[in-house]
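Worksheet for the structure shown next.
The values are calculated or read from the model by the stated rules, or taken from the named source; none is laboratory data. No experiment lies behind these values; they were computed from the predicted model shown. Here Cβ is always computed from backbone atoms with ideal geometry, including for glycine, and neighbour counts include all displayed protein chains. Quick note on the areas: whole protein, heavy atoms, side chains included, nothing else; ligands and nucleic acids left out. Shrake-Rupley method; radii C 1.70, N 1.55, O 1.52, S 1.80 Å.
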Amino acid sequence: MSEEMRIIETKPLDSVKYCLVGMPDTGLTGMIAVSQIVESMKLPEIGHIESDLLPPVMVIHDGVPKFPIRLFGDSNLTVLTSETPIGTIAIEPLSRSLTAWAIEKKVEILVSVSGIAVQNRMEIEIPQVFGVATNEKGKKLLKEAEIQVLEEGFMVGPHAMIVKESLSKGLTNIVLLAQSHSGYPDPGAAASAINAVNKLLNLEVDVKKLLEDAEDIRVKTRELMQRTNKSFEGMAKTQEQELPAMYG
Amino acid sequence: MFKSFDDIEREIDETFEELMSSRPMWDSSTGRLEPLTQVKESLDKIVVTMDLPLVRKEDIHLTIEEKNLNLEAPLVRCVRYERWGTHSDCKFSSFYTIVNLPTRVNPDKAKAKFLNGVLSVELPKTVKGKKINVE
């Protein structure tokens with residue numbers, strides 16, 4: 001585990017079957033999706049991440065100060081999410097620590113949930129979800145779950161670095177990318193992402209409440225979205241929307 | 001060394017932008033929220049989009065001045081924040097913003113649409129680029 005980024009387990013687990021990651025990113029899709037999964041499955045808090053590379057932020061819930069990046073779940077499913085954007089400087093150490101922790105806990109599949117910006121999102125009723133896998137096992141799982149593979153494109157942000165670290169460590173990492181608004185919170189995209197997670201990990205998380213609460217979520221996550229958009233400025237996030245330089 | 005007027009103007013713009021992006025997106029005294037807004041400029045037009053959840057199309061009040069786009073839109077119901085920070089109860093009832101446009105536009109040719117809670121306003125530029133013949 002990276003010394004710069006420490007995963008602290010307040011309720012230690014010997015092993016973890018599946019690990020889901022959803023950070024503030026495009027359309028806050030991943031964060032909204034995994035937060036809904038935590039709430040719906042009533043997953044308990046089991047740890048957090050400490051690092052000098054993270055902003056000096058603590059959040060207060062029900063009068064209790066909390067670390068902004070926290071772990072929830074049990075030995076079947078652990079979820080990592082954050083209530084603050086991860087700055088460029090912290091992404092690589094976080095990805096190193098997370099993948100090392102996943103190997104230590106014998107995680108079978110590490111699933112990152114995120115959004116992929118599409119220009120015509122306003123016209124899309126039900127966003128489609130695309131998948132990227134780091135190995136043949138992951139590709140087979142995507143195929144079984146009928147999730148279309150992203151054939152060409154760029155990934156920028158925490159999920160891109162998790163892919164990089166998973167490739168070098170031989171870890172099965174699947175990235176689920178739901179078509180999203182680029183700069184607006186997108187609960188609709190998060191609902192599509194949850195449906196893909198359901199198929200991939202055999203869960204039964206209902207998205208009805210998420211869709212009912214979508215407009216309130218959009219109002220209440222404006223400032224996190226604004227801060228996340230600001231954090232993208234240092235990481236060439238717009239490259240995700242560039243056409244690939246194909247000449248072969 | 002003295003700074004040029006351009007440098008001073010750029011510094012003022014940067015400071016203003018920094019202040020705008022770091023200030024709160026709400027005002028509890030007026031009950032107004034500021035919407036997330038994106039401004040994209042192309043060769044012949046400016047497109048402003050805004051995320052306006054809890055807003056009905058018929059309630060959107062949009063006006064344009066020289067280089068400003070003004071929006072006011074009441075929410076279909078108040079948004080409440082209970083036990084938030086030092087506020088025991090905080091209520092918001094509308095979105096309000098003034099968007100500074102990067103250049104002058106033709107208000108008579110402006111078009112707006114509202115789909116799935118996102119407002120998109122297309123504003124053709126007044127002065128389009130002058131064509132240069134390539135020899």
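Under the classification rounded if a/c is under 1.5, otherwise prolate if a/b is larger than b/c and oblate if not, where does the stretch A:6-239 fall, given a ≥ b ≥ c as square roots of the Cα gyration tensor eigenvalues?
rounded
Please identify which residues in the stretch B:63-82 have an amide N closer than 19 Å to a label point set 7 Å out from the Cα of B:Ser28, following the Cα→Cβ vector.
Within reach of a label on B:Ser28, which here means backbone N under 19 Å from a point 7 Å along Cα→Cβ, the stretch B:63-82 contributes B:78-82.
Ignoring ligands, DNA and RNA and using a 1.4 Å probe, state the total buried accessible area between A and B in Å², rounded to the nearest 100. Display every interim value, and only then the final one.
Values: alone 12460 and 10440 Å², together 20720 Å².
Buried area between the two chains comes out at roughly 2200 Å².
With unit charges on the beta carbon (Lys/Arg positive, Asp/Glu negative), name the residue among A:Ser192, A:Ser35, A:Ser166 whose Cα is farthest towards the positive pole of the charge dipole of the protein assembly as shown.
Working it through, the farthest residue towards the positive pole turns out to be A:Ser192.
Please give the per residue accessible area of the protein assembly as shown, computed with a probe of 1.4 Å over protein heavy atoms only, in Å².
The answer is 54 Å² per residue.
Can you check what the net charge comes to around A:Ile46, using other residues whose Cβ is under 10 Å from the Cβ of A:Ile46 (Lys, Arg +1; Asp, Glu -1)?
Working: positive: A:Lys11, A:Arg70; negative: A:Glu9, A:Glu45, A:Asp74.
Summing Lys and Arg as +1 and Asp and Glu as -1 gives -1.
Which ³J(HN,Hα) values in Hz, rounded to whole numbers, follow from the phi angles of the stretch B:106-121 under the Karplus curve 6.51 cos²θ - 1.76 cosθ + 1.60, where θ = phi - 60° and Gly and Pro get x?
Rounded to whole hertz, the list is 8, x, 5, 9, 6, 10, 9, 9, 10, 9, 6, x, 10, 8, 10, 10.
Collect residues whose amide H, placed 1.01 Å from N in the peptide plane, falls under 5 Å from the amide H of A:Leu20; neighbours closer than 5 in sequence don't count.
Amide H neighbours of A:Leu20, under 5 Å, 5+ apart: A:Thr78, A:Val79, A:Leu80, A:Val111.
With label points built 7 Å along Cα→Cβ from the Cα atoms of B:Glu82 and A:Asn202, find their separation and express it in nm.
My value for the distance between the label points is 4.0 nm.
Could you size up the charge dipole of the stretch B:22-135 around its Cα centre, putting +1 on the beta carbon of Lys and Arg and -1 on that of Asp and Glu, and report it in debye to the nearest 20?
About 240 debye.
Would you mind finding the longest exposed-site-free stretch of chain A, with exposed trypsin sites (Lys or Arg not before Pro) meaning DSSP loop and at most 13 other Cβ atoms within 10 Å? Mind showing how you got there, number by number?
Working: sites that count: A:Lys42, A:Lys106.
Result for the longest clean stretch: A:107-248.
Around A:Asp213, with a cut-off of 11 angstrom between Cβ atoms, what is the net charge of the other residues, counting Lys and Arg +1 and Asp and Glu -1?
0
In whole Hz, what ³J(HN,Hα) sequence does the stretch A:59-66 give by Karplus (6.51, -1.76, 1.60; θ = phi - 60°), x for Gly and Pro?
Karplus-based 3J(HN,Hα) across the stretch A:59-66 equals 10, 10, 10, 6, x, 10, x, 10 Hz.
Quick check: residue separation of A:Lys139 and A:Glu223 times 0.36 nm, minus the Cα distance between them. What number comes out in nm? Please report the intermediate quantities before stating the final value.
Values: separation 84, 0.36 × 84 = 30.24 nm, distance 3.61 nm.
Stretched fully, the A:Lys139-A:Glu223 segment lengthens by 26.6 nm.
Looking at B:Thr37, B:Val99, B:Val79, which one has the Cα that reaches farthest to the positive end of the dipole of the stretch B:25-124 (charges on Cβ: Lys, Arg +1; Asp, Glu -1)?
In the stretch B:25-124, that residue is B:Val79.
List, in order, the whole-Hz ³J(HN,Hα) value for each residue of the stretch A:79-94 obtained from phi through the Karplus relation with A = 6.51, B = -1.76, C = 1.60 and θ = phi - 60°; use x for Gly and Pro.
So the Karplus estimates, Gly and Pro as x, are 10, 10, 9, 9, 9, 9, x, 8, x, 3, 5, 9, 5, 5, x, 5 Hz.
Are there any trypsin sites (Lys or Arg not before Pro) in the stretch B:88-135 that are in a DSSP loop and have at most 15 other Cβ atoms within 10 Å? List them by number.
On the way: sites: B:Lys91, B:Arg104, B:Lys109, B:Lys111, B:Lys113, B:Lys125, B:Lys128, B:Lys130, B:Lys131; in loops: B:Arg104, B:Lys128, B:Lys130, B:Lys131.
Passing sites in the stretch B:88-135 are B:Arg104, B:Lys128, B:Lys130, B:Lys131.
Would you mind pulling out the separation of the Cα centroids of the stretch B:104-135 and the stretch A:10-35, in Å?
Result: 42 Å between the Cα centres.
Over 30 Å between Cα atoms: which of A:Lys230/B:Lys111; A:Lys11/A:Lys230; A:Lys164/A:Lys199; A:Lys199/A:Lys230; A:Lys105/A:Lys230 fall into that group? Don't skip to the answer; put the middle values down first.
Working: A:Lys230/B:Lys111 28 Å; A:Lys11/A:Lys230 34 Å; A:Lys164/A:Lys199 25 Å; A:Lys199/A:Lys230 33 Å; A:Lys105/A:Lys230 34 Å.
Listed pairs above 30 Å: A:Lys11/A:Lys230; A:Lys199/A:Lys230; A:Lys105/A:Lys230.
Please list, ordered by chain and number, the residues whose modelled amide H lies under 5 Å from the amide H of B:Phe95; skip anything fewer than 5 residues away on the same chain.
Amide H neighbours of B:Phe95: B:Leu33, B:Ala73, B:Leu75.
Under 14 Å from a label point 7 Å along Cα→Cβ of A:Ile124: give me every residue in the stretch A:1-38 with its amide N that close.
A:26-30
Using unit Cβ charges (K, R positive; D, E negative) and no other charged atoms, how large, in debye to the nearest 20, is the dipole of the protein assembly as shown about its Cα centre?
Working: 46 positive and 57 negative charges, 121 e Å.
Computed about the Cα centre, the dipole is about 580 debye.
For the pair A:Phe154 and A:Glu108, what calculated FRET efficiency results from E = 1/(1 + (r/R0)^6), where r is the Cβ-Cβ distance and R0 = 30 Å, to the nearest 0.05?
Numbers: r = 27 Å, r/R0 = 0.92.
The computed FRET efficiency comes out at 0.65.
Relative contact order, percent, of chain A when contacts are C-alpha pairs under 8 Å separated by at least 6 residues? Provide the component values of the computation, followed by the final result.
Details: 513 pairs, mean separation 63.4, N = 248.
After rounding, I find 26 percent.
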